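As structure tokens, the structure follows; a few thoughts come after it.
The values are calculated or read from the model by the stated rules, or taken from the named source; none is laboratory data. Just so it is clear, the model here is predicted, and its values are computed rather than measured. For neighbour counting, all protein chains shown are included, and Cβ atoms are generated from backbone atoms with ideal geometry for every residue, glycine included. Side chains included, ligands, DNA and RNA excluded: accessible areas come from the protein's heavy atoms. Shrake-Rupley method; radii C 1.70, N 1.55, O 1.52, S 1.80 Å.
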Amino acid sequence: MTVNGGKTVAVGTSKKKFTIEVSASDRNGVSLALAALWRGSVNNPSALIMPDLLVERDPCKRTATTATCKYTVEADPRTYLANQDAGTWNVAALALRFDDHGGEETLAEKMNYKSAKLVRAAKLTTNATPEPVKKGKTLTISGALTRASWDNLKYNGFASNSVKLQYKKKGAGAWTTVKTVKADSRGTVKTTVKASADGDYRFTYGGSGTTGTATSVADFVDVR
């Protein structure tokens with residue numbers, strides 16, 4: 001089973017679509033392999049994300065012994081996600097076979113087959129001033145780290161988290177981390193560097209157990 005291609009699902013303030021692919025095999029064949037994400041207790045989940053089989057129709061490819069099914073599902077903070085739901089989700093798995101009369105046989109079922117990460121999305125901005133700047137003069141690099149709230153459907157300042165300032169000299173292929181800067185109580189980030197050569201600056205945030213990663217759009221600085 002693979003959720004979102006094996007990557008963390010970062011959800012902002014609107015619905016996020018991602019895929020779940022699950023495969024099951026049995027010597028007598030499999031009609032349907034199904035998966036769902038859930039949080040809370042097994043008997044009373046507090047949150048649930050599962051395929052809509054009426055919309056998906058038949059998302060499975062089958063052989064004599066195997067069914068591989070790929071679903072597109074939605075995580076929607078506007079309807080059922082709250083901030084407390086960010087983090088690790090359980091993934092349930094189910095394999096079924098139908099007989100010629102439409103009867104259903106459960107071949108395998110496990111509520112805690114694996115886990116997946118569903119987190120709140122983050123954003124970063126970067127602005128370097130002054131532009132252009134003389135070589136050796138001080139550049140001020142500022143920005144803002146914000147995080148999606150699934151409670152009020154806004155991006156709010158993400159306080160007291162560390163971000164990396166990175167620089168890429170004009171013509172270079174790789175980014176270099178210049179320093180680590182901590183956001184203030186409002187998520188504002190600000191630092192200074194000495195201008196050395198034309199190049200791009202950006203901030204990056206590595207994420208957490210409940211928050212996704214973020215990389216700002218680069219700001220090019222002309223050094224004269």
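Brief remarks follow.
- Area of Y113 that stays accessible when all protein chains are in place (1.4 Å probe, Å², to 10): 120
- Carbon and sulfur %, accessible surface of the chain computed with the full protein complex present, 1.4 Å: 46
- Dipole in debye (nearest 20) - segment 96-224, about Cα centre, beta carbon charges: Lys, Arg +1; Asp, Glu -1: 1220
- Eigenvalues of the alpha-carbon gyration tensor of the chain, scaled by 5 and square-rooted, set the equivalent ellipsoid semi-axes at 47, 19, 12 angstrom, largest first.
- Histogrammed with a bin width of 10 Å, the alpha carbon distances of segment 76-143 distribute as 14, 20, 17, 17, 13, 8, 6, 3, 0 percent, first bin at zero.
- Stokes-Einstein diffusion for segment 109-224, with the hydrodynamic radius set to the Kirkwood value over Cα pairs and evaluated at 25 °C in a medium of 0.890 mPa s, equals 160 µm²/s.
- Rounded if a/c under 1.5, otherwise prolate or oblate - segment 22-63, Cα gyration tensor axes: oblate
- Since only L139, V91, G103 are under comparison, the one whose Cα sits farthest along the positive direction of the charge dipole of segment 35-164, derived from C-beta charges on Lys, Arg, Asp and Glu, is L139.
- Sites T68 and E104 - FRET efficiency at Förster radius 22 Å, r taken between beta-carbons, to 0.05: 0.70
- Under the convention that each Lys and Arg Cβ holds +1 and each Asp and Glu Cβ holds -1, the size of the dipole of the chain around its Cα centre is about 1660 debye.
- The Cα center of segment 143-160 and the Cα center of segment 1-66 differ in position by 29 Å.
- Taking F98, F18, F203 as the candidate residues, the one with maximal mean-square fluctuation in a Gaussian network model of the chain, Cα springs under 10 Å, is F98.
- Accessible surface, 1.4 Å probe, highest first, among residues W175, W89: W175, W89
- With θ taken as phi - 60° and the Karplus curve 6.51 cos²θ - 1.76 cosθ + 1.60 applied, the whole-hertz 3J(HN,Hα) list for segment 63-70 is 10, 5, 10, 9, 10, 10, 10, 10 Hz, x standing for glycine and proline.
- Candidate lysines for bridging to K134, where Cα separation is under 19 Å - those fewer than 8 sequence places away on the same chain excluded: K168, K169, K170, K194
- Toward the positive end of the charge dipole of segment 150-203, with +1 on the Cβ of Lys and Arg and -1 on the Cβ of Asp and Glu, the farthest Cα among A159, F203, A172 is that of A172.
- Between A159, A172, A144, the GNM of the chain built on Cα springs shorter than 10 angstrom shows A172 fluctuating the most.
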